[in-house]
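Trainee: Here's a structure for you.
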There are 2 protein chains.
Amino acid sequence: MPIASSGRLPVCTSAGCAAKFFAPASHLSVELINLKLVRGQVADSGTTMTKKSYPLSKVYGLLEPGPVLLLTTFHDGVANVMTMSWQTMIEFEPPLIGCVISNRNHSFEMLKASKQCVINIPTAEIAEKVVGCGNTSGAKINKFEQFGLTQKPASLVTAPLIDECFASLECRVVDTGLVAKYGMFVIEVVKAWLDPAVKNPRTIHHQGHGNFMLAGERIKLKSAMK
Amino acid sequence: MPIASSGRLPVCTSAGCAAKFFAPASHLSVELINLKLVRGQVADSGTTMTKKSYPLSKVYGLLEPGPVLLLTTFHDGVANVMTMSWQTMIEFEPPLIGCVISNRNHSFEMLKASKQCVINIPTAEIAEKVVGCGNTSGAKINKFEQFGLTQKPASLVTAPLIDECFASLECRVVDTGLVAKYGMFVIEVVKAWLDPAVKNPRTIHHQGHGNFMLAGERIKLKSAMK
């Protein structure tokens, strides 16, 4: 199977792919000033996390709308982050997710080896950082440092939470049987974190070649659907 | 495996789930007036389809943002439609999609038996029809008739296109090996149709319990990503 051509977000490290940066949102400034990031370690700025524990039963509502995600891994003393948007819910609770990841991504081997990750959900405010993470390889640079993404320790896995994302889901790989054929890791969310202050997150939705749709209006319809 | 509790959109046929209707958009009026829908047959209003052939290589850009979909099937002389939003791209080209469908859905057996379907992408204009399709069962009613959805013949599969959707993807099931464990059908898009007049479709993105996000602002970022 042509896994080399499957999955999302091929790596590019050419000068033409250099990411531009947004200025960090004001509430992140303290975190960034305090940042003492050392390559190969999980950094923690020491400030209180704004995210609170979130019920596992509600996790599907975060992922089902199809946001671009930042997937963090940690292996052999080094943390990494990749941009991902080929994923689907598989089960409500415990939440199971199918993630399709190309073996050309540095995170592919890190996830396969560590069997743990964190799925972080970014919003429009850090869209260029997200694209930057998709255009570069963790095999060559420390993306957290490069793009100003703050690591926070997770509670149950070694991969870090990303503080600039409004939601972070600690996950364990539960099935690698589909990796060889489809590049699909089945992962289980074991702990979820959400910033309750973010009411209508402008999640980012990839449409190909740098085109993104941002989450817009919210509507409520009479529905018996879960 | 608890497949009975996996997948999306449990069926509800109680009175409380009755769908309200939007008035059809004006460009659809002719279609609806001409509609001669007979249960068990694919109906064609006879008017020209507004959708044009669309390159298979661009299909991922339609599905990756995570829209709610209307999946049509045709088996034993009867067409059906279900609402679905647990799917992911698996391969760019030929486009492979992993669709997680609960075996409680009438479409589950129809898809398993016919090995063909059409994925139709609806927009906010028909959001209540979409929810209506999710709240009812094709085992009991003809949803096309109930919700005023117009069938058009597909070119390569027996399942119908839905005329009110701006995009329709004719698909064949290529792998049922993941159905028993995860309710996941791997399907291949063999023909794609898109209405070129719809520039920024307000796709619908499910967040649980009748809450939906509508596609908002589009942005373009400098990216090397496909």
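A quick yes/no check of all residues on (1) free of Cβ contacts under 8 Å to residues at least 40 places away in the same chain; (2) farther than 27 Å from residue A:98 by Cα; (3) away from chain A (no Cβ under 13 Å):
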site: B:99; (1), (2), (3): no, no, no
site: B:104; (1), (2), (3): no, no, no
site: B:110; (1), (2), (3): yes, no, yes
site: B:121; (1), (2), (3): no, no, no
site: B:171; (1), (2), (3): no, no, yes
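Trainee: Name every residue in segment A:64-88 that is facing another protein chain (nearest Cβ under 7 Å) and surrounded by fewer than 24 Cβ atoms within 10 Å (Cβ to Cβ), in order of residue number.
Mentor: Result: A:64, single match.
Trainee: State whether one or more residues within segment A:142-162 are at positive phi and away from chain B (no Cβ under 14 Å).
Mentor: Yes.
Trainee: Could I ask something else about it? Hey, can you tell me all the residues within segment B:185-226 that are under 16 Å from residue B:95 (Cβ atoms) and of a type outside the set (Asp, Glu)?
Mentor: Within segment B:185-226, B:185, B:186, B:187, B:189, B:190, B:191, B:192, B:193, B:194, B:226 meet the criteria.
Trainee: May I ask you to list the residues in segment A:145-156 that are touching a residue at least 60 places away in the same chain (Cβ under 8 Å) and hydrophobic (A, V, I, L, M, F, W, C)?
Mentor: Hits for segment A:145-156 are A:147, A:149.
Trainee: Now a separate question. Working only within segment B:109-129, note down all residues that are surrounded by fewer than 24 Cβ atoms within 10 Å (Cβ to Cβ), part of a helix (DSSP H, G or I) and not hydrophobic (A, V, I, L, M, F, W, C).
Mentor: Result: B:109, B:112, B:114, B:125, B:128.
Trainee: Which one of these does residue B:185 not meet: (1) more than 8 Å from chain A (Cβ to nearest Cβ); (2) surrounded by fewer than 18 Cβ atoms within 10 Å (Cβ to Cβ); (3) at pLDDT 95 or above?
Mentor: Every condition holds for residue B:185 apart from (2).
Trainee: If you don't mind, there's one more thing I want to ask. Across segment B:111-142, what is the total count of residues that are farther than 22 Å from residue B:179 by Cβ and not hydrophobic (A, V, I, L, M, F, W, C)?
Mentor: Residues meeting the conditions: 10.
Trainee: Moving on to the next point. Restricting to segment B:90-107, name every residue that is assigned to a helix (DSSP H, G or I) and either on the phi > 0 side of the Ramachandran plot or small (Gly, Ala, Ser) (or both).
Mentor: B:107
Trainee: Any idea which of (1) β-branched (Val, Ile, Thr); (2) over 19 Å from residue B:64 (Cβ atoms); (3) crowded, with 24+ Cβ neighbours inside 10 Å is the one residue A:174 doesn't satisfy?
Mentor: Unmet condition: (3).
Trainee: Right, another one. Filter the strands (runs of 3 or more DSSP E) completely within segment A:38-89 down to those with at least 2 residues that are of a type in the set (Ser, Thr, Tyr) and modelled with pLDDT of 95 or more.
Mentor: A:52-54, A:69-75
Trainee: Please count how many residues of segment B:188-225 are over 21 Å from the mean Cα position of the chain (by Cα) and surrounded by 18 or more Cβ atoms within 10 Å (Cβ to Cβ).
Mentor: 4
Trainee: Under 7 Å between Cβ atoms, which residue pairs at least 6 apart in sequence (or on different chains) link something in segment A:198-224 that is more than 7 Å from chain B (Cβ to nearest Cβ) with a partner that is in a strand (DSSP E or B) and of a type in the set (Phe, Trp, Tyr)?
Mentor: A:204/A:212
Trainee: Exactly one of these conditions fails for residue B:159: (1) over 22 Å from residue B:49 (Cβ atoms); (2) in contact with an Asp or Glu (Cβ under 8 Å, 6 or more places away or on another chain). Give me its number.
Mentor: (1)
The values are calculated or read from the model by the stated rules, or taken from the named source; none is laboratory data. This one's a predicted model, so the numbers in the text were calculated from it and none came from an experiment. Neighbour counts run over all protein chains shown; Cβ positions are idealised from the backbone, glycine included.
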